[in-house]
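The values are calculated or read from the model by the stated rules, or taken from the named source; none is laboratory data. Values in this document were obtained by computation on a predicted structure and should not be read as measured data. All Cβ positions, glycine included, derive from the backbone under ideal geometry; neighbour counts span all protein chains shown.
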Amino acid sequence: MTDELITERRGATLHIIFNRPAARNALTFGMYEALAEACANVPTDGSVRAVVISGAGGRAFAAGTDMTQFRGFETAADAHRYEARIAEVLGAVETCPLPTLAALNGACTGGGAAIAAACDLRIAAANLRFGFPIARTLGNCLSAANLARLSELVGAGRLREIIFTARLIEAEEARAIGLVSELLPDEAALMARAGEIADTLAGMAPLTLRATKEAMRRNREARAVEDADLIEICYMSEDFRHGMEAFLAKRKPEWRGR
C-alpha cells in the first residue's frame with residue numbers, strides 16, 4: 001500500500017482516497033495497484049457494506065495517469081503490459097463484491113475517468129470536468145474494453161464525439177446524460193451525500209447488489225473484442241512520444257500521423 005492512496009473505515013463504509021493533491025491526484029502505478037488491492041480485498045463478512053472512492057484536495061478526483069511513467073516505454077510489449085495492468089485494476093474495481101460509489105470533484109480525466117466509469121454509481125460536485133482529451137494531448141488510445149464500458153454509460157455516438165473533439169464534460173451535462181446521478185454544490189456537500197448513499201446501500205440485500213453488478217459485467221464481457229494491434233499503433237508511434245513530451249513541457253503537440 002502507498003501513502004498516495006488512503007483507505008479509511010467509517011462505520012460500514014470503506015473510503016478509498018487518491019492522495020496526491022499537488023499533482024491533481026495523477027495516478028502512479030503504485031496508486032493503481034493499491035486501488036486494485038483495496039477493492040479485491042474488501043471484507044465480505046458484513047462489517048463493510050459499501051465503498052466510496054474520492055480524491056483529496058478539492059481540485060481533482062484523479063487527473064489521469066502520471067505521464068512521467070510512460071517515458072520508459074520502448075517496445076510494443078511495454079504498451080501491452082500497461083494496458084493489461086490497467087485492465088486488471090479496472091476489473092478489480094468492477095468486480096469488487098461490494099457496491100462502489102465514485103464521488104467526483106474537479107478534474108476526472110484519463111485513468112481517473114476510467115476508474116469512475118468502472119464504479120457502480122457516480123455523483124459529482126459542481127466543478128466536475130470529465131473526459132479523455134487524448135486526441136489533443138497524448139495521442140494514445142483507450143482499450144476496447146474501456147470504450148465498451150463508457151459506451152454503456154453515455155452512448156456510442158456521444159462517446160465518439162467526446163473523444164474526437166477532446167472536450168471535457170462539465171457537471172450539468174454529466175447529470176443530463178446520466179453519467180452522474182446527482183450534483184452537489186461543493187466538496188463538503190459531495191462527501192456528505194456520498195456518506196448518505198453509502199448508508200442506503202448498506203441497508204440493501206448484498207447478494208442482490210452483487211449478482212446484479214456481476215451479471216451486467218458478464219453481459220459486456222461476452223462482447224469483448226481483440227484490440228492489440230490498435231494499442232500498438234498508438235503507443236509505439238512517434239506521435240505518442242512527441243505528445244507525451246509536449247504535455248509534460250506544457251506546449252502544444254504537432255501531430256504527424258506516424
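Table for the structure above
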| quantity | calculated |
| --- | --- |
| Check on ILE123, of a type in the set (Val, Ile, Thr) and assigned to a helix (DSSP H, G or I) | no |
| Conditions (1) out of contact with any Lys or Arg (no Cβ under 8 Å at 6 or more places or on another chain); (2) acidic (Asp, Glu); (3) closer than 29 Å to LYS250 by Cα; number of the one not met by GLU4 | (1) |
| Residue in the range 147-176 that is farthest from MET236 (Cα to Cα), counting only those that are of a type outside the set (A, V, I, L, M) and in contact (Cβ under 8 Å) with a residue 60 or more places away in the chain | GLU152 |
| Of all residues in the range 103-114 being under 27 Å from LYS252 (Cα atoms) and among the hydrophobic types (A, V, I, L, M, F, W, C), the one that is surrounded by the fewest Cβ atoms within 10 Å (Cβ to Cβ) | ALA107 |
| Any chance GLY46 is of a type in the set (Gly, Ala, Ser) and under 20 Å from THR95 (Cα atoms) | yes |
| Matching option when the condition is at pLDDT 95 or above, at negative phi and surrounded by fewer than 23 Cβ atoms within 10 Å (Cβ to Cβ), among LEU153, LEU128, LEU190, LEU121 | LEU121 |
| Check on ALA116, within 21 Å of GLU196 (Cα to Cα) and either assigned to a strand (DSSP E or B) or within 14 Å of the chain's Cα centre (by Cα) (or both) | yes |
| Sole residue being touching a residue at least 12 places away in the same chain (Cβ under 8 Å), touching an Asp or Glu at 6+ places or on another chain (Cβ under 8 Å) and of a type outside the set (A, V, I, L, M, F, W, C), chosen from GLY55, GLY64, GLY46, GLY30 | GLY30 |
| Complete set of residues in the range 194-212 that are of a type in the set (D, E, K, R) and crowded, with 18+ Cβ neighbours inside 10 Å | none |
| Meets criteria (surrounded by fewer than 17 Cβ atoms within 10 Å (Cβ to Cβ), on the phi > 0 side of the Ramachandran plot and either part of a loop (DSSP other than H, G, I, E, B) or of a type in the set (Lys, Arg) (or both)) for GLY57 | no |
| Unique residue being hydroxyl-bearing (Ser, Thr, Tyr), closer than 14 Å to GLY110 by Cβ and either touching a helix residue (DSSP H, G or I) at 6+ places or on another chain (Cβ under 6 Å) or modelled with pLDDT under 95 (or both) when the list is THR44, THR2, THR65 | THR65 |
| Within the range 139-176, tally of residues that are of a type outside the set (A, V, I, L, M, F, W, C), within 14 Å of the chain's Cα centre (by Cα) and in a loop (DSSP other than H, G, I, E, B) | 1 |
| Among the residues listed as PRO133, PRO99, the single one being more than 12 Å from the chain's Cα centre (by Cα), without any contact (Cβ under 8 Å) to a residue 40 or more places away in the chain and crowded, with 16+ Cβ neighbours inside 10 Å | PRO133 |
| Criterion: touching a residue at least 40 places away in the same chain (Cβ under 8 Å), in a helix (DSSP H, G or I) and either under 30 Å from THR44 (Cβ atoms) or touching a His at 6+ places or on another chain (Cβ under 7 Å) (or both) - qualifying residue of MET191, MET244, MET216 | MET191 |
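Conditions (1) among the aromatic types (Phe, Trp, Tyr); (2) surrounded by 15 or more Cβ atoms within 10 Å (Cβ to Cβ); (3) assigned to a helix (DSSP H, G or I), marked per residue:
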residue: HIS15; (1), (2), (3): no, yes, no
residue: ALA36; (1), (2), (3): no, yes, yes
residue: ALA62; (1), (2), (3): no, yes, no
residue: HIS80; (1), (2), (3): no, no, yes
residue: LEU90; (1), (2), (3): no, yes, yes
